[in-house]
Structures are given as C-alpha cells and as structure tokens.
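The values are calculated or read from the model by the stated rules, or taken from the named source; none is laboratory data. In this text the structure is predicted, and so the values were computed from the model without any measurement. Cβ: placed from backbone, ideal geometry, glycine included. Neighbour counts: every protein chain shown.
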Amino acid sequence: MTPSTDTDTGLPLDMIIFGGVGDLAMRKLLPALYMAHMHGNLPASTRIISTGRQDFDRAAYLAQVEEQSRSFIAKENFNEKSWDGFLRLLEYVRLDVQAAPDFSALAKAAHPGAQRVFYLATAPALFTTICDKLAESGLVDQNARVVLEKPLGRDLESAVEINEAVGKHFAESQIYRIDHYLGKETVQNLMVLRFGNSILEPLWRAPNISSVQITVAEEVGVGSRAGFYDSTGAMRDMVQNHLLQLLCIVAMEPPTSLSPDAVRDEKLKVLRSLRRFGLADIARDTVRGQYAHGVSGNQEVVGYHEERNVPPDSKTETFVALRAHIDTWRWSKVPFYLRTGKRMQRRSSKIVVEFANPPFPLFPDMPGGVANRLVIELQPEEAIKLQIMAKQPGSGMQMQQVALNLDLQSAFQQRRAEAYERLLIDVVRGRLTHFMRRDELEAAWAWADPIIEGWNTLGEKPHAYPAGSWGPAESFALLARDGFAWVE
Ligand code: BG6
C-alpha cells in the first residue's frame, strides 16, 4: 500500500540514531537498515550516525555491530558485499544526552544539506531533552523528521508532556510515532482484506458479528528486559498500543483515502468510542496474570518472580485479558476480547471474528458451537481461514465445521520485509499513514489509564498461570460467561 502522499525530498539522508548501542538498534534497526540498503531503498548518499554514551571510536562501534547485529539478519538475506557497503555508511558519535551541554559534536558530524531523520530509541524520559538540544544546536529544520519509539509515556499525562515538548520543535507532519505492529505485512493486509474486497463489508457489523477476539501470545518470557518491563507490565507494553491498533483496523469505518489523516481520523473515532471502564467493570471484565514456573518449548523455565532483576513481590502483570466494547452503531453489543501474554504455550497472534449462528435450526443434527468464523493469523503463520458448516458425506445430514484456507506464505513467494524495514522506508519517503498521530496516542492512553489505576486501587495480585499455558483460568471464564471460548 503506497499512500499518495510521499514527500521524498530527494536529499541525501542522515539517519541519526539515539540509543545506537542499545538492544533495539542492534537487534532491529540496524538489520532493517541493512536490508533497506541491500534492496536499494535508501537514498544514494545515506549516512547512519549512531550515538551513545559508550566511549567507542568508529572501529570499536563497527566491531560491536558485527557482533550484535549481524546475527539478526537471516542467512538467506546476508550478502558479504552489501554488508561491507552497509558498514561504510555507519558513523559513531559519543554523546551523553543528559550530560552534554549541547549537541555540537553531533552537529559537526551531520552532513550539511542532508535530510535528517532522528530516531529516538531511548527511554521516553529522554525525548524532551533530546529534542530541546537538537533544536538548540540548530539541527532541526523543515526537512527534519523525528521517530519516537514506544512506549510513549506511561500514562496520558506523561504522553501529553512528551508530545508538547516534541511539538515545540517539530510539526506534527514531521513526527513518526512508531508502533511496529503497523508495519507487519499481515496487519497491512488486514486493511486490504476489509477495504479491497466488498464481500465482507455488509456482514462486518452487529448483529451479524457476535464477537471478536484479538490474541497476541508470546512464547518468550521477560528475558533481560526486567528493568524496563517490571515498571511497565503487559497493559502498557502491549495492550495500549499493539492490541488497540489491531482493534482499530478491525473496527474502523472505511477511510475515504489512504492519506495519513483519512486513515488516522477513522482509527481515532474507534479509540474515542471505546467504553471507559469503572471499578466494577475492571473487576468483572479484566484479568491480570503473571507467569509462574512451568515448561516452555520442552524446557523448564522459571516463573516471573525468579527472573533476573524482578523483585520477588512484584505485582506486574505479564498477561492481560479483557472484554472491551465499542459504543457505535456498527459495534453495539459486540464484545471485543483482547488477550496478550508472555510465556504462553506458543507464539501466536490472531484475530478471530465470530459470526452469528443461523437464526433458525433447520438441521436437527447441527453441532453446537460457532458455525462461521473468520480467522486471520498474523504470526508466525500468515493465513486467512473461513470456517463454514459442511455436510459430512453419507446418507444422513451430519454436519461439521471445515475451513476454507488461504495460506498467504504459499500464495505469495516474495520476500516479506520485516516491520521495521518497511516502516523505516516509510519514514525516509515521508509516508505517515502507518504511524500514530498525537490524538490517537492520547486517546489510547485515556482508555488504558483508568484500567491501570483501577487495578492499583483494587490492589489485587495478578493470577498465576504456569509458563507454557494459555494463561489463568479466569481468562477462560471471562468468555465462557458470555457463551464464547478462546480459539487456540
Ligand atoms: C514490543 C514489546 O513492543 O513487542 C515486547 O515491548 C514484545 O515486550 C514485542 O515482546 C513483540 O513484538 P513481536 O513483533 O515479536 O510480536
């Protein structure tokens, strides 16, 4: 999908990464930039200027990149010559964002006349300082763009503060708030499924749809990120952003074009129509979980409490399930069940749209359960399945659910770009459609904040679930109460 609003400046590019030695840069950004370079998707004279506190010279930084980034590039995509060419684009500037009185060292390294893209892959607490000092050092001009990594704040108040601070120096059209789920092939395909076909649209509403499930399950645990994760939790880390963005794409009205504002206006309406949770709703319609010791991928793994750098009495949730409602004509009374967790049985992200059963039971042997479901598998498989009722061969009228199955991986043989690669190319080309606008982000926090506050007020510990399971029993009960069940 190429929105018609490209504002490719044709200038040479300085891609300036704050947090250039960090995990995200090494694991995602540099491999993504390498792929973009290899496929000729970066301007001819591109420089990647990484900044960090570490006292590296260029050679030491390159050694670090060799050691930490190279292994994140799939072997079939690796090409020694392109890699050498890519390394030649890299520069390193030592910069302690908080201690440096100004960014003159960076200004010296920047190339006159280049278009600057600042990628802020640091803790959000540094965003204000970075933007202020960039402006003071004369590095922000009308061609500059800034990319803000999530989490953007930890509640509405801090998100507003960051947006205000960044907005002092960058116009909204220069700000790219990244949610990498919006860069995933299958997520973008969801827009095509809904708005590039006409067969679904007449059915895509209450009462034809009886419920929607959105699951983002991870097999991994918290790993080495406890320092960040323990003060964040699954609601801020996943639900407020990735799951809500998926919900928006499922629930939005057809936009009038693919222009950034047309798409984001529709998503904003969904976020603003999400019903707010009071304390009673929180107690009834949300479930927090925390993984305990268990077996994951045939290996015994420790519980969250025993992970390195997690306080033994931590109440941080590693799992959330909840029932949301969108108060619009289209979605009246349709529950949206959202679920995400770490250390679940396997990695699996999917959207399940359940359709209302036939109103009249014509066939006496109709099996129970849901007759029609549309299952959109996002990862690791990429597939769209439509479950329908069919007659079993034989003389009777025995029926059974079967699936029409579209395997997108075999339907399209082309290489699939990683989310970060696609989004970085969008930034370079000035395509804002798959990035969050300020009001969208703030609306998402306005919905999430009362839930997080309510959990604090209620003071309950998250329910334990064994690592390698599908989460606590309460999550199953949440759907069973309404006559539904999670589709695994
Ligand atoms: C990140 C979260 O935004 O998304 C991580 O901070 C999570 O905790 C990751 O593991 C999941 O992304 P993906 O692309 O692997 O589904």
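In table form, for the structure just shown:
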| item | result |
| --- | --- |
| Any chance residue 187 is part of a helix (DSSP H, G or I), of a type outside the set (S, T, N, Q), within 16 Å of the ligand (Cβ to nearest atom) and touching a Phe, Trp or Tyr at 6+ places or on another chain (Cβ under 9 Å) | yes |
| Any hit, the range 336-344, residues being more than 16 Å from the ligand (Cβ to nearest atom), free of Cβ contacts under 8 Å to residues at least 60 places away in the same chain and among the aromatic types (Phe, Trp, Tyr) | no |
| Pair list, Cβ under 6 Å, 6 or more apart: the range 217-230 residue within 18 Å of residue 123 (Cα to Cα) and in contact (Cβ under 8 Å) with a residue 60 or more places away in the chain, other residue within 9 Å of the ligand (Cβ to nearest atom) and in a helix (DSSP H, G or I) | 222/229 |
| All positions within the range 24-38 that are over 12 Å from residue 428 (Cβ atoms) and either among the aliphatic types (A, V, I, L, M) or in contact (Cβ under 8 Å) with a residue 60 or more places away in the chain (or both) | 24, 25, 26, 28, 29, 30, 31, 35, 38 |
| Selected residue [within 16 Å of the ligand (Cβ to nearest atom), over 23 Å from residue 39 (Cβ atoms) and modelled with pLDDT of 95 or more] from 120, 156, 152, 134 | 120 |
| Selection within the range 299-352 - of a type in the set (A, V, I, L, M) and closer than 14 Å to residue 216 by Cβ | 320, 321, 322, 338, 344, 351, 352 |
| Output for the range 75-105, where each listed residue is farther than 21 Å from residue 63 by Cα, out of contact with any Asp or Glu (no Cβ under 7 Å at 6 or more places or on another chain) and touching a residue at least 24 places away in the same chain (Cβ under 8 Å) | 97, 98, 100, 103, 104 |
| Residues of the range 467-482 satisfying the condition of being of a type in the set (A, V, I, L, M, F, W, C) and assigned to a helix (DSSP H, G or I) | 473, 476, 477, 478, 479, 480 |
| Among (1) of a type in the set (Lys, Arg); (2) in a helix (DSSP H, G or I); (3) closer than 13 Å to residue 91 by Cβ - the single one residue 28 does not satisfy | (3) |
| Qualifying residue in the range 140-152 (condition: part of a helix (DSSP H, G or I), under 26 Å from residue 47 (Cβ atoms) and in contact with a strand residue (DSSP E or B) (Cβ under 6 Å, 6 or more places away or on another chain)) | no |
| Residue list for the range 207-237, restricted to those being aliphatic (A, V, I, L, M) and either within 10 Å of the ligand (Cβ to nearest atom) or at pLDDT below 95 (or both) | 216, 217, 220, 222, 226, 234 |
| Elements of type strands (runs of 3 or more DSSP E) in the range 296-369, at least 3 residues being touching a Ser or Thr at 6+ places or on another chain (Cβ under 8 Å) and within 29 Å of residue 275 (Cα to Cα) | 319-324, 336-341, 348-355 |
| Residues of the range 168-184 satisfying the condition of being in a loop (DSSP other than H, G, I, E, B) and either in contact with a Gly (Cβ under 6 Å, 6 or more places away or on another chain) or within 15 Å of the ligand (Cβ to nearest atom) (or both) | 178, 179, 184 |
| Selection status of residue 116, farther than 17 Å from residue 435 by Cα and crowded, with 16+ Cβ neighbours inside 10 Å | yes |
| Given (1) among the aliphatic types (A, V, I, L, M); (2) at pLDDT below 95; (3) surrounded by fewer than 16 Cβ atoms within 10 Å (Cβ to Cβ), index of the condition residue 63 fails | (2) |
| Complete set of residues in the range 238-277 that are over 13 Å from residue 444 (Cβ atoms) and either within 16 Å of the ligand (Cβ to nearest atom) or under 12 Å from the mean Cα position of the chain (by Cα) (or both) | 249 |
